[in-house]
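For reference, the structure is listed below as structure tokens.
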Amino acid sequence: MFTPAKHVAGAAPMERYLGAFEPTPGHLDFARFGPPSRGVCEAASEVWSAAATGDVDEAAEDLAAREQVARLLAMPAADVALVSSTSLGLFHVAFALGGAEVLVSRGEFPANLYPWWRAEEVGILRVRDLPGDSLTSPVTPERVAAALAHSTTAVAVSAVDFRTGWRADLAGIREAIGDRLLIVDAIQAAGAVDLPLACADIVIAGGQKWLRAGWGTGFVAASPRALAAMVPRLSGWTGVERPAGYDGVRHPVLPGAKHLGLTNGSPASARMLAQALELVGTVGVAAVERRISERVETLISELDAVGVDVVSPPRAADRAGVGVAGGGGGSGPPRQ
């Protein structure tokens with residue numbers, strides 16, 4: 001499990017951080033897409049310009065990005081693998097946990113449901129539904145504890161609920177599940193919510209939302225305990241030893257999270273993720289969270305003042321950056 005680094009930032013670093021982005025007046029949909037910084041856009045352009053002359057070191061870009069993720073989570077870079085999306089990372093994990101029984105709420109975003117369902121369909125693992133779901137019911141330690149069975153080996157949960165902005169009590173869930181694996185979909189939290197990710201065995205996040213790294217970026221971080229429980233069924237030729245040894249035989253998988261490699265990733269995406277994480281590191285996640293929390297509090301107050309129903313938890317300590325207003329009776333989730 002991990003011990004995320006803490007940072008404290010003053011006004012001047014935050015001003016420089018904010019100055020790295022183009023103004024986005026009226027853009028409130030960071031739960032879907034966070035516009036990347038100028039530096040991220042320039043990083044992608046630099047890699048593609050170098051690619052035009054064939055001068056790109058893919059391995060170096062991959063390592064630089066994994067080192068930035070490792071710095072965010074205070075863990076070894078060897079326990080980090082890059083992926084192009086949260087969904088791909090979750091599929092890697094789901095298909096690697098042979099024989100597991102995974103407890104998950106049906107109120108999760110579909111990206112945290114289909115990997116488990118698909119793995120169950122081919123007989124790799126079993127899915128245990130969290131009872132009492134009303135889709136908007138928060139996943140609490142009490143509900144998790146009551147749903148556990150002796151056969152349950154893992155619990156999958158979002159760090160921040162996409163429907164309401166509810167921030168999961170990861171420490172409480174960790175205590176409730178004991179030595180079972182805790183798998184956290186952190187896409188609505190990474191880089192923007194100072195949650196105790198040290199409680200998790202596996203953290204997965206795409207970078208296009210709060211990390212503001214752009215599409216096609218993301219990571220899987222797994223503790224040694226989690227890696228020991230995984231068999232890389234979706235591992236490809238880049239996830240094995242001597243990948244360039246084209247000898248027609250099966251090679252042993254690589255140690256650490258690198259065994260999740262499927263094929264070569266985009267060096268541009270790796271550079272974009274590294275740049276975004278480096279920028280977050282200049283102020284720290286806690287400072288970014290404070291800034292977002294102030295904005296969400298103002299938004300909710302203004303919505304309350306004009307009589308708009310707010311779905312997000314009323315207490316600031318229970319919510320993250322996703323402020324949700326009533327959806328007007330539609331069939332989909334509330335507006336974000």
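The values are calculated or read from the model by the stated rules, or taken from the named source; none is laboratory data. Please read these numbers as outputs of a predicted model, since none were measured by experiment. Cβ atoms come from the backbone with ideal geometry, glycine included; neighbour counts cover every protein chain shown. For accessibility, only protein heavy atoms count, side chains too; no ligands or nucleic acids. Shrake-Rupley method; radii C 1.70, N 1.55, O 1.52, S 1.80 Å.
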| One residue from 308, 283 being more than 23 Å from residue 140 (Cβ to Cβ), without any contact (Cβ under 8 Å) to a residue 40 or more places away in the chain and in a loop (DSSP other than H, G, I, E, B) | 308
| field | Pairs with Cβ under 6 Å, 6+ apart, first in the stretch 222-246 and aliphatic (A, V, I, L, M), second assigned to a loop (DSSP other than H, G, I, E, B) and open to solvent by less than 20 Å² (accessible area, probe 1.4 Å) | value | 226/201
| message | Scan the stretch 123-132 and tell me whether some residue there is open to solvent by 30 Å² or more (accessible area, probe 1.4 Å), part of a loop (DSSP other than H, G, I, E, B) and at pLDDT below 95. | response | yes
| message | Taking the conditions exactly as written (open to solvent by less than 50 Å² (accessible area, probe 1.4 Å), under 25 Å from residue 322 (Cα atoms), in a loop (DSSP other than H, G, I, E, B) and touching a residue at least 12 places away in the same chain (Cβ under 8 Å)), does residue 13 satisfy them or not? | response | no
| remark: Of the residues in the stretch 137-148, those that are under 21 Å from residue 115 (Cβ atoms) and either touching a helix residue (DSSP H, G or I) at 6+ places or on another chain (Cβ under 9 Å) or open to solvent by 20 Å² or more (accessible area, probe 1.4 Å) (or both) come to 139, 144, 148
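The rows are residues; the columns are (1) closer than 20 Å to residue 40 by Cβ; (2) touching a helix residue (DSSP H, G or I) at 6+ places or on another chain (Cβ under 8 Å).
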{"site": "202", "(1), (2)": "no, yes"}
{"site": "235", "(1), (2)": "no, yes"}
{"site": "242", "(1), (2)": "no, no"}
{"site": "268", "(1), (2)": "yes, yes"}
{"site": "274", "(1), (2)": "yes, yes"}
{"site": "280", "(1), (2)": "yes, yes"}
| task | Go through the stretch 155-202 and count every residue that is open to solvent by 10 Å² or more (accessible area, probe 1.4 Å) and part of a helix (DSSP H, G or I). | result | 8
| query | If you check 182, 273, which single one turns out to be more than 19 Å from residue 115 (Cβ to Cβ) and not charged (D, E, K, R)? | reply | 273
| message | I'd like the residue in the stretch 263-290 that is in contact with a His (Cβ under 8 Å, 6 or more places away or on another chain) and either of a type in the set (Gly, Ala, Ser) or modelled with pLDDT under 95 (or both) and, out of all such residues, is farthest from residue 79 (Cα to Cα). | response | 287
| message | Under 9 Å between Cβ atoms, which residue pairs at least 6 apart in sequence (or on different chains) link something in the stretch 158-173 that is on the phi > 0 side of the Ramachandran plot with a partner that is crowded, with 24+ Cβ neighbours inside 10 Å and of a type in the set (A, V, I, L, M)? | response | 165/320; 165/322; 165/324
| Within the stretch 21-119, helices (runs of 4 or more DSSP H) holding 1 or more residues that are surrounded by fewer than 24 Cβ atoms within 10 Å (Cβ to Cβ) and in contact with an Asp or Glu (Cβ under 9 Å, 6 or more places away or on another chain) | 38-51, 58-73
| request: Among the residues of the stretch 21-72, write down those that are within 18 Å of residue 282 (Cα to Cα) and of a type in the set (S, T, N, Q). | output: 37, 68
| message | Give all pairs with beta carbons closer than 7 Å in which a residue from the stretch 250-265 that is on the phi < 0 side of the Ramachandran plot meets a residue that is open to solvent by 70 Å² or more (accessible area, probe 1.4 Å) and assigned to a loop (DSSP other than H, G, I, E, B); count only pairs at least 6 apart in sequence or on separate chains. | response | 251/241; 251/242; 252/241; 254/241
